[in-house]
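The values are calculated or read from the model by the stated rules, or taken from the named source; none is laboratory data. This is a predicted model, so every value here is computed, not measured. Glycine also receives a Cβ, built like all others from the backbone with ideal geometry; neighbour counts cover every protein chain displayed. Quick note on the areas: whole protein, heavy atoms, side chains included, nothing else; ligands and nucleic acids left out. Shrake-Rupley method; radii C 1.70, N 1.55, O 1.52, S 1.80 Å.
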Amino acid sequence: MLLVTGANGKVGSRVIAALAAKGFKIKAMDIDPRVERYKEEIGAETFVGDASSAKAMKEAMKGCDQVFYIPPLFSYQETKIAQIAIDAAVEAGVRQFVMLSVINPQMNTMPHHTMKLNAESHLIYQGLVHKFSYTIIQPAYYHHNLVVSRLMEKGKYYHYTAPNIKMAYLSCDDIAEVLAKILSEDSHNFAIYPLCGSDYLTPPEAMELFTKISGKEIALTYVTKENLEENITKYVGNDSYAKETMIRMHDTYAKYGFPGNKNVLEWLLGRPATTLESYFRKELEKEGYAVKG
Ligand SMILES: NC(=O)c1ccc[n+]([C@@H]2O[C@H](COP(=O)([O-])OP(=O)(O)OC[C@H]3O[C@@H](n4cnc5c(N)ncnc54)[C@H](OP(=O)(O)O)[C@@H]3O)[C@@H](O)[C@H]2O)c1
């Protein structure tokens, strides 16, 4: 059985649907009881619990021989939570642990990247000492950060990256396909895979592409650092770590962007990476909108 943490989240929900369709037996874990829906939706086992509790994680691991660990977003406890999950997996005798990290975790101007790098480090040491199989996947900027239904309804896109800064995009469908491969083959131990698609675009370029496919004009608004600071509680509440992280992410993106190379993903997939254009097409069709071209 495969334990998937962060199961209600944006990545978790997409990956679980894809893995269930491929026949994986899944135990879905999340802090939010809505995770129970997976029982009916895909016949999964479920576990509601706080991943920062070692007791809860040990309980969650029971009966699982594989783990796909998805960390929480902007948590000041992110490294600790990962360590707890890894240690619980060791105790439960899990044979394979796959961790979701982030592309360029070495970019230490962003606290959540450093948190993930430290989590990776713990996984490597524990994997070597306890001799279980580990793999780290490092995703680029998700396609689904661009919410198609919202773009169609509002005709507006608020972006944190400066208008001339490029982001490297990645499809969650491609993450799921790579993950299924990693989880069903024996050859991915010790591997660290940066995962990135072929689109490397500024916000205006991404929206130009969207307009070409949807026919919908999109007004872009750059959320400047000053504007972000003024309104930050709207985005991350009052959590001081999340606020600081978001501001430092803004600074980093403004200066460097978010780069990545598609080679590793395409080698693993054995086909070209899913493009942002095909993500837009698929989402528009799913939402019942007309697609151009
Ligand atoms: N956005 C990007 O482009 C990008 C790129 C690369 C990597 N990443 C990383 O990908 C990861 C997953 O992202 P995502 O968008 O799927 O995040 P998400 O939608 O926030 O999903 C995380 C899930 O974990 C749950 N959770 C939070 N704290 C928990 C706890 N203590 N115990 C158990 N469950 C807990 C959350 O529940 P609540 O919602 O109730 O808190 C949520 O359901 C993040 O770590 C992010 O940094 C993001």
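Side notes on the structure shown:
- Listed residues I247, N227, S187: farthest to the positive end of the dipole of the range 172-256 (Cβ charges): N227
- Whether the range 232-293 is rounded, prolate or oblate, judged on the alpha carbon gyration tensor where a/c under 1.5 counts as rounded: oblate
- Three-way shape label, the range 189-293, alpha-carbon gyration tensor, a/c 1.5: oblate
- Stokes-Einstein, applied to the Kirkwood radius of the range 118-191 over Cα pairs at a viscosity of 1.002 mPa s and 20 °C, places its translational diffusion at 139 µm² s⁻¹.
- The chain: C-alpha pair distances exceeding 31 Å, %: 29 percent
- Each Cα pair under 8 Å and six or more residues apart adds its separation to the average, and for the range 206-293 the resulting relative contact order is 44 percent.
- Loop GluC sites (Glu not before Pro), the range 179-238 (other Cβ atoms within 10 Å of the site Cβ: 13 or fewer; DSSP): E185, E217
- In the chain, taking the dipole from charged Cβ atoms about the Cα centre, the farthest positive-side position among Q77, A168, Y134 is held by A168.
- The range 1-93 - accessible surface per residue (Å², probe 1.4 Å): 45 Å²
- Over the Cα atoms of the range 121-242, the radius of gyration divided by the Kirkwood radius equals 1.08; this is the Rg/Rh ratio.
- As a length-normalised measure over Cα pairs under 8 Å and 6 or more apart, the relative contact order of the range 138-293 settles at 38 percent.
- Volume per residue for the range 1-74 equals 76 cubic angstrom (convex hull of Cα atoms).
- Reducing the range 228-275 and the range 109-143 to their Cα centroids gives an inter-centroid distance of 17 Å.
- Axis angle, to the nearest 10 degrees, between helix 10-21 and the longest C-alpha principal axis of the chain: 60 degrees.
- Per the Debye formula on identical point scatterers at the alpha carbon atoms of the range 60-100, with no solvent, log10 I(q)/I(0) at q = 0.14 Å⁻¹ is -0.29.
- Backbone geometry of the range 218-235 corresponds, through the Karplus equation with coefficients 6.51, -1.76 and 1.60 at θ = phi - 60°, to 3J(HN,Hα) couplings of 10, 8, 9, 10, 7, 7, 5, 4, 4, 5, 5, 4, 5, 10, 5, 4, 4, 8 Hz, x marking Gly and Pro.
- Oblate is the label for the range 14-161. Its Cα gyration tensor axes, ordered a ≥ b ≥ c, give a/c of at least 1.5 and b/c at or above a/b.
- Counting charges near C172 (Lys, Arg +1; Asp, Glu -1) among other residues having Cβ under 12 Å from its Cβ returns a value of -1.
- Over 21 Å between alpha carbons, listed pairs K154/K286; K181/K286; K25/K62; K10/K39; K80/K243; K10/K282: K181/K286
- Evaluated with a Cβ-only charge set (Lys, Arg +1; Asp, Glu -1), the chain carries a dipole of roughly 200 debye about its Cα centre, given to the nearest 20.
- Contact order relative to length of the chain, as percent, for alpha carbon pairs under 8 angstrom and 6 or more apart: 17 percent
- Taking other residues whose beta carbon is less than 12 angstrom from the beta carbon of A88, and scoring Lys, Arg as +1 and Asp, Glu as -1, yields 0.
- To the nearest ten degrees, helix 203-214 and the longest principal axis of the Cα atoms of the chain are 80 degrees apart.
- Counting only residues at least eight positions apart within a chain, or on another chain, the aspartates and glutamates with an alpha carbon under 16 Å from that of K212 are D199, E277, E283, E285.
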